[in-house]
1. State yes or no: is residue 154 crowded, with 22+ Cβ neighbours inside 10 Å and near ligand 1 (Cβ under 9 Å from one of its atoms)?
2. Could you list, in sequence order, all residues of segment 211-247 that are in a loop (DSSP other than H, G, I, E, B), within 16 Å of ligand 2 (Cβ to nearest atom) and not hydrophobic (A, V, I, L, M, F, W, C)?
3. Of all residues in segment 48-61, which are surrounded by 14 or more Cβ atoms within 10 Å (Cβ to Cβ) and within 13 Å of residue 13 (Cβ to Cβ)?
4. Does segment 236-257 contain at least one residue that is farther than 28 Å from residue 196 by Cα and of a type in the set (A, V, I, L, M, F, W, C)?
5. Just give me the residues in segment 74-93 being of a type in the set (Gly, Ala, Ser) and within 16 Å of ligand 2 (Cβ to nearest atom), in sequence order.
6. Scan segment 276-294 residue by residue and report those that are surrounded by 15 or more Cβ atoms within 10 Å (Cβ to Cβ) and of a type outside the set (Gly, Ala, Ser).
7. Counting only residues that are over 22 Å from residue 65 (Cα atoms), give me the strands (runs of 3 or more DSSP E) lying completely in segment 107-182 with at least 2 of them.
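Nothing in this text is a laboratory measurement; each read-out follows from the coordinates by a stated rule. From a predicted model like this one, the values you see are computed outputs, not experimental measurements. Ideal geometry is used to build each Cβ from the backbone, glycine not excepted, and the neighbour counts take in all protein chains shown.
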Amino acid sequence: MVMKNKKTLPLLGKILQKLAPQIGAKVVIEPDWQIAGQIIFKNGRKRYFRYSSLDLNPLGATEIAKDKDYANFFMKKMGYPTIPGRAFFSPAWSRAIKSSRNIEAAYRYAGRIGWPVMVKPNSGSQGRGVAKVRGRQEFYRALRTIFSEDRVALVQPVIEGQDYRLVVLDGRVISAYRRTPFSVVGDGISSLDKLIKNKLRLFHVLERPATIKSDDSRLANNLKKQGLTGRSIPARGEKIFLLDNANLSCGGDSADVTDEIHSGFKKIAIQLTKDMGLRLSGVDLMIDGEIAAAPKKYRVIEINAAPGLDHYVRTGRAQEKIVEKMYLQILKALEKEVR
Ligand SMILES: Nc1ncnc2c1ncn2[C@@H]1O[C@H](COP(=O)(O)OP(=O)(O)O)[C@@H](O)[C@H]1O
Ligand SMILES: [Mg+2]
């Protein structure tokens with residue numbers, strides 16, 4: 001994806017530039033777009049990054065991780081509890097490859113697995129196009145939105161539980177946090193429209209680049225499902241969730257759980273990262289139960305080969321410290337010879 005607005009640029013370059021001197025390294029950032037950079041280490045070694053992609057993971061493994069359907073195939077084959085579901089193709093693509101897995105087939109499949117269903121672009125990220133939908137109209141609309149960007153869409157059952165992100169680097173969990181979807185809290189006076197606008201404005205002030213916009217149809221859909229409109233006024237302290245995906249890049253909230261997470265979950269994330277051929281990853285788990293208890297009911301939502309930590313860093317001072325520590329470890333890992 002091409003990001004045109006400089007204000008929404010990832011902060012990776014900035015963070016690396018700030019941290020590099022601590023290990024005697026230097027970061028050169030391409031000035032026009034400020035998304036591509038070069039790290040020059042003390043020993044003369046050079047490494048590169050673009051957006052949140054760093055020179056840590058091999059290309060093949062990265063390509064598989066980026067494709068949710070492929071990644072699910074391999075993860076499932078190795079015995080990981082993935083989210084069941086199926087891939088379907090855009091009208092043009094299903095014609096081109098002469099496949100009957102088109103939007104109508106997707107709709108029938110959704111009916112078979114039971115409404116509501118989760119739909120998402122196969123190679124998407126940051127929660128773009130991810131929606132929980134119910135019924136024909138909502139389903140077709142969501143799939144058309146997905147097909148405007150991706151020729152493959154996934155249809156999945158809705159999995160219950162809490163969403164967690166575990167960041168793994170070279171066999172260690174360097175951070176873990178719980179994520180909750182974009183929400184607003186009522187003050188007893190303001191309408192939901194106002195509360196949403198205020199929250200998005202706050203993100204802007206905090207330089208927390210949320211990819212969610214106030215006119216995102218998923219927000220209106222979510223309100224409707226809860227019997228609300230933009231003019232409804234929530235009670236003071238009442239929390240209203242407005243999206244079905246907990247991505248921080250869509251304005252979700254995070255709570256650090258690095259110190260409470262059960263070692264069983266850490267082991268799973270570490271092994272999965274290794275099994276998927278990655279050194280650095282963001283493992284997303286849907287956990288039905290306590291994060292502090294031994295793993296019982298959970299599923300792997302996806303594995304990210306280029307976990308962007310820039311949204312996390314903006315969620316608070318403590319997170320900023322955690323992320324800086326994480327990137328310092330990443331910088332040190334980059335300095336070493338690759339295998
Ligand atoms: N099948 C599902 N059931 C319930 N929630 C889901 C499901 N799939 C995705 N989600 C929610 O949406 C978020 C984003 O989905 P994900 O597949 O990770 O796409 P992206 O690559 O855009 O992050 C997840 O972290 C989770 O909160
Ligand atoms: Mg994700």
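1. Numbers: crowded, with 22+ Cβ neighbours inside 10 Å: yes; near ligand 1 (Cβ under 9 Å from one of its atoms): yes.
It is true that residue 154 is crowded, with 22+ Cβ neighbours inside 10 Å and near ligand 1 (Cβ under 9 Å from one of its atoms).
2. Residues of segment 211-247 in a loop (DSSP other than H, G, I, E, B): 211-216, 226-238, 242-247.
Of the ones still in play, those that are also within 16 Å of ligand 2 (Cβ to nearest atom) are 211-212, 243-247.
Residues satisfying the conditions are 211, 244, 245, 247.
3. 49, 50, 51, 52, 53, 54 - these are the residues of segment 48-61 that are surrounded by 14 or more Cβ atoms within 10 Å (Cβ to Cβ) and within 13 Å of residue 13 (Cβ to Cβ).
4. Going through segment 236-257, the residues farther than 28 Å from residue 196 by Cα turn out to be none.
No, the conditions are met nowhere in segment 236-257.
5. Just the residues of segment 74-93 that are of a type in the set (Gly, Ala, Ser), to begin with: 79, 85, 87, 90, 92.
85 - this is the single residue of segment 74-93 that is of a type in the set (Gly, Ala, Ser) and within 16 Å of ligand 2 (Cβ to nearest atom).
6. Those that are surrounded by 15 or more Cβ atoms within 10 Å (Cβ to Cβ) and of a type outside the set (Gly, Ala, Ser): 276, 278, 279, 280, 283, 284, 285, 286, 287, 291.
7. Working: elements: 117-121, 131-133, 152-157, 162-169, 172-180.
In segment 107-182, 131-133 are the strands (runs of 3 or more DSSP E) which contain 2 or more residues that are over 22 Å from residue 65 (Cα atoms).
This table checks each residue for (1) hydrophobic (A, V, I, L, M, F, W, C); (2) on the phi > 0 side of the Ramachandran plot; (3) more than 10 Å from ligand 1 (Cβ to nearest atom).
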| residue | (1), (2), (3) |
| --- | --- |
| 142 | yes, no, yes |
| 163 | no, no, no |
| 170 | no, yes, yes |
| 176 | yes, no, yes |
